[in-house]
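The values are calculated or read from the model by the stated rules, or taken from the named source; none is laboratory data. Since the structure is predicted, the reported quantities are computational estimates derived from the model, not experimental observations. Every residue, glycine among them, receives a Cβ derived from its backbone with ideal geometry; neighbour counts consider all protein chains shown.
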């Protein structure tokens, strides 16, 4: 091959550039060539696109079903009542039990209140001593044994309601004897159907789901590299006289647009589903558009990070199954962040947390979608995420280098 | 069948003179070559052995498959406890966002359960109730002065019905104001030397979750849930390995062999099942140990051994059906993304079953669910580990239904193989 032959020059768009032209190809051009090849290969697979949409549909269905369930639960929670099992001398404490019974507390007889509570048949249980009413009438102290499940929200709430009711009974009895100013009245209002609050809560869920969705991106990109190893399509690239970092960066860049688009498409489906009336979020379309627009930067950063992680996993793996196994392991931090944001939705945003990998972009999604974005934290998240991606690509490049040494018989 | 196949497990294509002519042999009929007298099992064994050897070759993959679930469970547990999100573990005060004259009510608010409530200033209590606080509160001007003068005063609490923390915080606030009033009444009673005890009712509170019975209850649900989730991971690993072998052209070579399609699918499934069980050993040992410990303390050593066997049987059944699902997914899917999607859907479904049937527990009177594959065996295993002997019979029902589903899925996967065979071999 000579540089003067026009037929060979027309093939410079292919990955295997003639050695005589290596010096005239800049690093950026080399990366672009590799990236375009990888991009065409990944974008051509229609199965990837349909799967992306189906993934978004799956999560949207979960959101919708969860939202519609929450809507019904919201109404039930406001009128929730708890079953109170009572054993012991029920006849001797009937007057107290009649006072305890309210719309929220349904008092029922039992042979063993502790077992009822343990087996979740009742939210809370009471064991009455003998002749409770008689002893109260004689102004004698009585001790009630209360059973509850500390790890169950319903049981704790039933216990709180029981305490409040006992407090009211005590106050009613004592109030008759003395003249004291009225207690502070407490009115409870439920926070619901407030668009600002709903947007905030949805933004938190969105950030957590975006982190978990990256699990698929990591596996997908790792599989791309793995399949390249199986088809031996990676080895010709290794023979090119390009810097190893360029090879790794170009291949990652080629997979990046598809990975980000997949993530964006899934997130967009989730955001649009939030506008459905059945879900009860009551977000207007203008709010939906704002949520989508402001969360896109964070989604793109997360996608880039997931793509870089997948690239490293793919390079480390032998075949596609090996690469996916490594990718699943590398995706665990994404799952951890998703779980963290589910369990601690109000996780604080600060320059430090914005600089952390995965957490920073996720918080950017949450704060952007929830209209609480801080420019400083956003810039920190962008800069540090790019740096983390560069580190991962560098690590993948080092891994590529070992194989180049073998294929090119370099000392 | 050649000696090489029996001795080493390697697979060689049969010689042309014994290769079955598809047109002369009815489907499912054994061929009449030199190995006809050996029967079909050696072929199944050969396929399974080949697949298993391919899987054992990658030790790193095996190690990753073994430690990934452990790391995942550890992450979930660590995040849950670090964020104090496990019910009943929260020890830090509930945050109350106060809108209004906070300074004018500071003295009163500081008396409301100071160890359990923390009041912060807010411009919008409704929004902050969802944003930075557990509950929001609107206080009137000069709350301290009003309380001191015995004048009426009211506050508004903004709580989120669906958030347990919000409801608990609201209860603490209400109890705090009630206690303030009660203290004032008790003080007035003492000043007037009114006869009788001010506070008559005292409470002895028992958290039943700290009892042995509750620990056994939670342990039984937890080990069953973990067994189900561990088995669910077989879907992804099985399907991904099938995809990999397909990409390497190994599946096409196997499809040219004169094996019944379902036998090919079954051999692959059994190999993946074996590998899956091997990689699940650490989790199995842990869960069986916990099950034995909780049962032994209640019913003795013999019952503990039976509980271990029951849990193992439960896991094997679940692993078999999950391997079958993975086999079908890996056969039908064309891309890794499709495998990931199907695997994610199965894991989500398994998580729902684990939370409802294993951790929370379905009503014992609900018998229709006992016949449902996967759900039935999970429900019955949990019940048996809790000491219900009748659930052993239900476990057998669950195993039967689950294995039936697995057989159907393997059959379906085999049919999918058959379509590709037709394309490759150009048969009518």
Problem set entry | Residue in the stretch A:350-362 that is farthest from residue B:131 (Cα to Cα), counting only those that are buried (at least 21 other Cβ atoms within 10 Å of the Cβ) and within 14 Å of chain B (Cβ to nearest Cβ) | A:358
Seminar exercise, completed: Exactly one of B:128, B:141 is assigned to a loop (DSSP other than H, G, I, E, B), in contact (Cβ under 8 Å) with a residue 12 or more places away in the chain and farther than 17 Å from residue B:180 by Cα, and that one is B:141
Exercise. How many residues does the stretch B:82-123 contain that are at pLDDT below 90 and in a loop (DSSP other than H, G, I, E, B)?
Worked result: 18
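Yes or no, residue by residue, for (1) touching a residue at least 40 places away in the same chain (Cβ under 8 Å); (2) farther than 30 Å from residue B:217 by Cα; (3) in contact with a strand residue (DSSP E or B) (Cβ under 9 Å, 6 or more places away or on another chain):
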position: A:99; (1), (2), (3): yes, yes, no
position: A:121; (1), (2), (3): no, no, yes
position: A:127; (1), (2), (3): yes, no, yes
position: A:133; (1), (2), (3): yes, yes, no
position: A:142; (1), (2), (3): no, yes, yes
position: A:151; (1), (2), (3): no, no, yes
position: A:154; (1), (2), (3): yes, no, yes
position: A:169; (1), (2), (3): yes, yes, yes
For this session: Confirm whether residue A:360 is closer than 19 Å to residue A:336 by Cβ and in contact (Cβ under 8 Å) with a residue 12 or more places away in the chain.
Result: yes
Exercise. Within 7 Å of chain A (Cβ to nearest Cβ) and either crowded, with 17+ Cβ neighbours inside 10 Å or part of a strand (DSSP E or B) (or both): does that describe residue B:177?
Worked result: yes
For this session: Give B:147, B:155 a once-over and let me know the one that is modelled with pLDDT of 85 or more, at the interface with chain A (Cβ under 9 Å from one of its Cβ atoms), part of a helix (DSSP H, G or I) and buried (at least 18 other Cβ atoms within 10 Å of the Cβ).
Result: B:147
Exercise. If we scan the stretch B:221-233, do we find a residue that is in a helix (DSSP H, G or I), within 21 Å of residue B:416 (Cβ to Cβ) and touching a residue at least 60 places away in the same chain (Cβ under 8 Å)?
Worked result: no
Seminar exercise, completed: Of those in the stretch B:368-386 that are surrounded by fewer than 19 Cβ atoms within 10 Å (Cβ to Cβ) and in contact (Cβ under 8 Å) with a residue 12 or more places away in the chain, the residue nearest to residue B:397 (Cα to Cα) is B:371
For this session: At least 3 residues that are at the interface with chain B (Cβ under 10 Å from one of its Cβ atoms) and at pLDDT 80 or above in each: list the helices (runs of 4 or more DSSP H) lying fully within the stretch A:136-251 that qualify.
Result: A:153-175, A:195-231
Exercise. Within the set of pairs 6+ apart or on separate chains, which have a first residue in the stretch B:320-338 that is within 14 Å of chain A (Cβ to nearest Cβ), a second that is surrounded by fewer than 24 Cβ atoms within 10 Å (Cβ to Cβ) and not in a helix (DSSP H, G or I), and C-beta atoms under 7 Å apart?
Worked result: B:335/A:45
For this session: Kindly list, by first and then second residue, each pair from a residue in the stretch B:65-86 that is at the interface with another protein chain (Cβ under 8 Å from one of its Cβ atoms) to a residue that is outside any helix (DSSP H, G or I) and modelled with pLDDT of 80 or more, limited to pairs with Cβ atoms under 9 Å and residues at least 6 apart or on different chains.
Result: B:65/B:280; B:79/A:344; B:83/A:344; B:83/A:347; B:85/A:344
Exercise. Take the residues of the stretch B:198-217 that are in contact (Cβ under 8 Å) with a residue 60 or more places away in the chain and more than 7 Å from every other protein chain (Cβ to nearest Cβ): which is surrounded by the fewest Cβ atoms within 10 Å (Cβ to Cβ)?
Worked result: B:212
Exercise. Right, residue B:330: buried (at least 21 other Cβ atoms within 10 Å of the Cβ), closer than 21 Å to residue B:294 by Cβ and out of contact with any strand residue (DSSP E or B) (no Cβ under 8 Å at 6 or more places or on another chain) or not?
Worked result: no
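Just a yes or no: is a residue in the stretch B:143-159 at positive phi and more than 36 Å from the chain's Cα centre (by Cα)?
First, pick out the residues of the stretch B:143-159 that are at positive phi: B:150.
Next cut, more than 36 Å from the chain's Cα centre (by Cα) only: B:150.
For the stretch B:143-159, residues at positive phi and more than 36 Å from the chain's Cα centre (by Cα): present.
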Exercise. If residue B:111 passes every condition in (1) within 13 Å of chain A (Cβ to nearest Cβ); (2) in contact with a strand residue (DSSP E or B) (Cβ under 8 Å, 6 or more places away or on another chain) but one, which one does it miss?
Worked result: (2)
For this session: Quick one: which helices (runs of 4 or more DSSP H) lie wholly within the stretch A:5-107 and hold at least 1 residues that are more than 30 Å from residue A:254 (Cα to Cα) and at pLDDT 65 or above?
Result: A:46-78, A:94-100
